[in-house]
Structure formats: structure tokens, C-alpha cells
Amino acid sequence: MIKNKKYLVFLAVICGGLFLKLTWLVVIKNGFILDIDDYITAIIRAQPSTQLHQVMWMISWLSSPMMIFLYSVIVMAILYQLRGLIPVVWVGVIMLSGEFLVTLLKNTIQKPRPIGHGSIGGFSFPSGHTFGVALFGLVVMGIMMLEFKNSRQILINSLLVVWIILIMISRVYLRAHFPTDTIGSVLLAVTWTSIGLMIYPTLKLKWLKKFNIED
């Protein structure tokens, strides 16, 4: 399915459109969006505790931009050994350009973080932690489907999806973000990864021909 360009175009258009719509509603401080944020936050923080806070903090730390960078380097090193330079370059470009994009958006929109976020700096929308995890997870899913035939893909994909959900919850619990910040990040990550996967086969073919490399 991932090789179907029409499917990827559909994902990019739908998720990209939803992200743009959500961004506009966030910018104009739409009342419905504010109500959704309050409602979901109340559910997530219904029973706060010291132990739960520590778990959420650990999830957030393991999903920080620096850790995502480390995970990406490890994945690229494995890819280089198994599939050569082409997928490594693709992963690096998608991850770096994605981080640049989300940073640009955060500093352009400049949405304040929730009250009670403590000493966390920066802006709230979209969530950088959530975007990093979602982008990394989707890139791993995509490159596995394009380059590998592995019976463990379903398990790995499921674990990556759980990780994405956990970081979304943890960022809201820690008052670092509003729920719609994390939702927007996932929509943006799906859009960016879909675009990258659309162009990957063409770029790979051109590179193979240019350098006379056998796949």
C-alpha cells in the first residue's frame, strides 16, 4: 500500500489540509478548539500523582529532540550497512528538513504554552517533541515497507504508534502543550513523510542510474 502513489497523495492532501485548517483555528483562537483542549486536558490530568509525573517525564525525555537525533543516527547506520547510502541520505534529509519546518512554524505562530508549564521555553504549536517522534516513527515505517520484507513489521509499527500516542499524552500531562498542539504535529508529520515517500522511489532510481549502482 505504501508504494501506491495515489494513496500517499491522498494522505498528504488530507492531513496537510487538516493541519492548515487546525493552524488557522489556533491562530484565531477559535472557541471550539479551546474547548477541545480544555476537555482533553482535564481527562488526561484527572488523577495526577508523583509516580505518574515521573513516568510522563521519562517518556518526554526519551522523546526529546536530542534523543530523536540519536535514534536517527542509529537507524541510518543500520541502513547504511544493509542498504547503502541512498536510504540514509533520504532519512537524513526528511528528518532535518522536518525539524527545520516545525521550528519555523513554532516561531512564526508563537502560540504561548499552557499555564503551569514551569520553566519550559519556546512556543506551543506545533509540539516539537510529538512531531519528532511521529516523524521518526513514520519514516521508520515507510523505509521498512520500501526496503525490507519482514514479518516483524506489524509488531514494530504497532510499538511506534504506541510511542507516538504516549508522547502526545505526556506532553499534555506535563502542561508543555495543548492537545491540539500534539494533534497538529502528527498531521504535519504524516504530510511530510508522505511527500518524502512519494519522491523516494524516483530519487533512488535516478541515483542508481547516475552512479551505475545495482539495487
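FYI, it's all coordinate maths here, none of it is from the lab. These figures come from a predicted structure and were not determined experimentally. No Cβ is skipped: glycine too gets one built from the backbone with ideal geometry, and neighbour counts run over all protein chains shown.
Amide H to amide H distances under 5 Å link PHE125 with LYS111, where only residues 5 or more positions off or on other chains count and H is placed in the peptide plane. Note on the stretch 60-121: the alpha carbon radius of gyration divided by the globular reference 2.2 N^0.38 Å gives 1.46. So if we plug the beta-carbon distance of TRP61 and TRP207 into 1/(1 + (r/R0)^6) with R0 = 45 Å, what FRET efficiency do we get, rounded to 0.05? Calculated transfer efficiency: 0.75.
What's the local net charge at ILE199, with K and R +1, D and E -1, over the other residues with C-beta under 12 Å away? Summing Lys and Arg as +1 and Asp and Glu as -1 gives +3.
Take every Cα pair under 8 Å whose residues are at least 6 apart in sequence, average their separation, divide by the length of the stretch 1-160, and the relative contact order is 22 percent. Taking every full run of DSSP H in the chain, the ones that stretch at least 24 Å from end to end by Cα along their long axis and average -0.5 or higher on the Kyte-Doolittle scale are 5-27, 65-83, 85-109, 128-147, 153-173, 179-210. Placing pseudo-labels 7 Å out from each Cα toward the beta carbon at ALA77 and ILE120 gives an inter-label distance of 3.0 nm.
Annotation for the stretch 127-166 versus the stretch 16-56: alpha-carbon center distance of 23 Å. The modelled label-to-label distance between LYS149 and HIS53, using points 7 Å beyond Cα along the C-beta direction, is 5.3 nm.
At most 14 other C-beta atoms within 10 Å and a DSSP loop state: those are the exposed chymotrypsin sites (Phe, Trp or Tyr not before Pro) I care about. Give me the longest piece of the chain that has none.
1-147
Subtracting the Cα-Cα distance of VAL89 and TYR39 from their residue separation scaled by 0.36 nm leaves 13.8 nm. Kirkwood radius, the chain, all distinct C-alpha pairs, inverse of mean reciprocal distance: 18.2 Å.
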